[in-house]
Amino acid sequence: MTRSSIAFAFAALTTTAIAGENFLVYFGTNGNAKNGSKGIYVARFNTATGELTQPKLAVEAGAPGFLSIHPSKKYLYASTEVTLADGKKGGGISAFSIDKSSGKLTLINQAATAGAGPCHVNVDKTGKLAAVANYGSGSIGSFAIKEDGSVSPEVSFFQHEGSGADPKRQAGPHAHSVNFSPDNRFAFACDLGLDKVLIYKTEPATGKLTPNDPAFAKTPAGGGPRHLAFHPSGKYVFVNNEMGMSETVFSYDAEKGALTEIQTISTLPEADRGKTGYSTAETVVHPNGRTVYVSNRTHDTIAVFGCDPATGKLTALEYVPVEGEVPRNICLDPTGKWLVAAHQNSGTAALFKVDQDSGKLSYTGTKVNVPGSICVRFLALD
């Protein structure tokens, strides 16, 4: 894509949408003075043509790393820096209204979390409950979402306890993500410091979470679970282990909210296994359930796995250069035709085409600038 075509396409963001299936694409960033990020950025994407426009600032915000879009498509939530009652800065969640014609965001309100270092946010399928994972303190919190999109003060908070096998990285808990089950009855929090996926019951009507029984599932010792994704069938869960450079597959008991490990597989080519300095970041599953993608930071690749829908087990297909430095979030567009990879250190995002038969990736040549980009979220306009 040429600079002129990018400029022309972005002009459509404030006029009319281009033909085809149209989306806004929001980018969360770890904004700071060093990388030049000022907040959340927005671009436009067309699934028929594969045109991704150059992102523009949607709203200024302090370190809006991870994003989640409300089911109504009217609101967006971010794990951000917030101003506390005493005027000091702390961590929490910010709620924004979405102007779908321009892509701009307007702050509705903010709420602080009792934990430190919020790094992930998710909204449940009813749009009534938001959950935040706090990496620094190893805790999670939940918030009720009101009819106007605003968030309540924190209504439940859970401090994780314990340690893991690695005395440096796992001396204490480090909650890294919260995800909801397909039926919305359970929330799953990956804790890197404990080598556990902690399990909670959801109460959308109140915005509360309560501990489940079983309370957790264990991941490989020293692996450091980071993020997870459900198979479209709801039968399997895939967890990327940040420190262990591996992907663990669980079978899922939807009645009990229980996870049972069935496989752990490396996310690296055989020649690079055992080397240090690498870490995984994100797991996504193709809508057809036949392919799973995992981002490898510093190795700067995307591991592509074939998935057997009958067993959930994975088989390595390829390791694709991510076309940037330190990939964080990778995200499939809702059609499953395209994948966008956000590069934290190079301040870019690259577009890949997904082969619908094999699930393999091919770089399209399109790369856009997003300072400190670490999260990608699609919002349908059609």
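The values are calculated or read from the model by the stated rules, or taken from the named source; none is laboratory data. This one's a predicted model, so the numbers in the text were calculated from it and none came from an experiment. When we count neighbours, we look across all protein chains shown, and the Cβ atoms used for this are built from the backbone with ideal geometry, even at glycine. Calculation scope for accessible area: heavy atoms of the full protein, side chains included, ligands and nucleic acids excluded. Shrake-Rupley method; radii C 1.70, N 1.55, O 1.52, S 1.80 Å.
Couple of notes before you dig in:
- Just so you know, in segment 49-67 the residues that are open to solvent by less than 10 Å² (accessible area, probe 1.4 Å) and in a strand (DSSP E or B) include one that is nearest to Phe352 (Cα to Cα), and it is Leu52.
- Residue that is nearest to Leu67 (Cα to Cα), among those in segment 24-43 that are open to solvent by 10 Å² or more (accessible area, probe 1.4 Å) and not polar (S, T, N, Q): Tyr41
- The single condition among (1) surrounded by 16 or more Cβ atoms within 10 Å (Cβ to Cβ); (2) of a type outside the set (Ser, Thr, Tyr); (3) on the phi > 0 side of the Ramachandran plot that Asn46 does not satisfy is (3).
- Test result for Lys74, open to solvent by 50 Å² or more (accessible area, probe 1.4 Å), farther than 30 Å from Lys353 by Cβ and free of Cβ contacts under 8 Å to residues at least 12 places away in the same chain: no
- Residues (hydrophobic (A, V, I, L, M, F, W, C) and either crowded, with 24+ Cβ neighbours inside 10 Å or modelled with pLDDT under 95 (or both)) located in segment 146-169: Val151
- Residues (touching a residue at least 40 places away in the same chain (Cβ under 8 Å), closer than 24 Å to Ala175 by Cα and either out of contact with any strand residue (DSSP E or B) (no Cβ under 9 Å at 6 or more places or on another chain) or among the charged types (D, E, K, R) (or both)) located in segment 87-125: Asp124, Lys125
- Qualifying residues in segment 49-64 (those that are of a type in the set (Gly, Ala, Ser) and modelled with pLDDT of 95 or more) - the one farthest from Asp99 (Cα to Cα): Gly50
- Test: Ala271 is without any contact (Cβ under 8 Å) to a residue 24 or more places away in the chain and either more than 25 Å from Ile40 (Cβ to Cβ) or buried (at least 16 other Cβ atoms within 10 Å of the Cβ) (or both): yes
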